[in-house]
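As structure tokens, the structure follows; a few thoughts come after it.
Bear in mind that the values in this text are calculations on the coordinates, not laboratory data. Predicted model only: the values in this text are computed from it and were never measured. Cβ atoms come from the backbone with ideal geometry, glycine included; neighbour counts cover every protein chain shown.
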Amino acid sequence: MSYGYPAASGLQVANSSISGIYNGQTRPYYIANNYAYNIFRGDLVYLGGDGFIHSLAEPPAGIGQAYAQLPSLGVFNGCTYEQSTAVNPTDPANPGRPYWPAGTSIVGNFPYGAPAYIIDDPNVIYTIQVDVNGLPWNAVGSTAAALFTLNGANNQVLGNPLTGQSLMQLQGPGGQTAANYNLRIIGFDESPFNNTPLPGAGPSLYCNALVLIQNHQYLQRAVGL
């Protein structure tokens, strides 16, 4: 985790909002063979009508909404798949992959597609870096949009292909009141290195906010402040 300068890494677990400790639990869902969008660890995903996981940056056909206002199933935390040796002779099978590369063709004993491990608990609190617009102190309690980093030529989701880490950010300055935005800001990362904003001062750039998934497929929260 990097604080105070641009180094987005998506949604990363901080703790739980209920009386308990998040223990790393994920639930397996599936990515369809040859699915055409990248999905990086820390990205928001949704469960499509086809029963497969999709990147939230790929809006469902016919909805006509930006991904900032679409419900999320949770956060992608890696996947498992096997490729033929002709495609990947150095690493055809691996028990854990940090991200899903767009268009991956899988083989082996995965008739339902590639298992994807999703943090789908709506009570998990995440830390996420805010973009260049920054976030003021009074954004706490409001809703905000997630902001994917996209390839301008084809709208493909970008991330770090070496580590598999997301480049998703929170779009500042927050302050939304709509209940259907992606994230609910509940505070600021308590790290001493965080660029936490001061009450009454202007927005702090590249600070880390603590958030809940606001528009969750398993829980719809009330409107923001």
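List of remarks:
- Taking the Cα centre of segment 92-225 as origin and assigning +1 to Lys and Arg Cβ atoms and -1 to Asp and Glu Cβ atoms, the resulting dipole is close to 160 debye.
- Geometric descriptor of segment 20-119, per residue, is 107 Å³ (volume of the convex hull of the Cα atoms).
- Across segment 20-119, the relative contact order, built from alpha-carbon pairs under 8 Å that are at least six residues apart, equals 39 percent.
- Averaging the sequence gap over all C-alpha pairs within less than 8 Å and six or more residues apart, then dividing by the number of residues, gives the chain a relative contact order of 27 percent.
- Net charge contributed by nearby residues that have their C-beta within less than 14 Å of Ala102 (K/R +1, D/E -1): -1
- Cβ-placed point charges (K, R +1; D, E -1), dipole of the chain about Cα centre in debye, nearest 20: 180
- For segment 110-151, the Kirkwood radius over C-alpha pairs fed into Stokes-Einstein at 37 °C and 0.692 mPa s yields D = 231 µm² per second.
- Computed FRET value (nearest 0.05) for Tyr218 with Asn88, which takes r as the C-beta separation and R₀ as 45 Å: 0.80
- Estimated FRET transfer efficiency (Asp50, Asn151; beta-carbon r; R0 30 Å; 0.05): 0.80
- Signed unit charges on C-beta, dipole axis of the chain, positive-most listed residue Asn77, Phe193, Gln156: Phe193
- Full-extension gain in nm, Leu225 to Arg27, via 0.36 nm per residue minus C-alpha separation: 68.1 nm
- Shape category assigned to the chain from the gyration tensor of Cα positions, a/c cut at 1.5: prolate
- Options Pro136, Gly172, Ala14, ranked by Cα towards positive dipole end of the chain, top entry (Cβ charges): Pro136
- Modelled label positions at Ala36 and Ala102, each set 7 Å beyond Cα in the direction of Cβ, lie 0.9 nm from each other.
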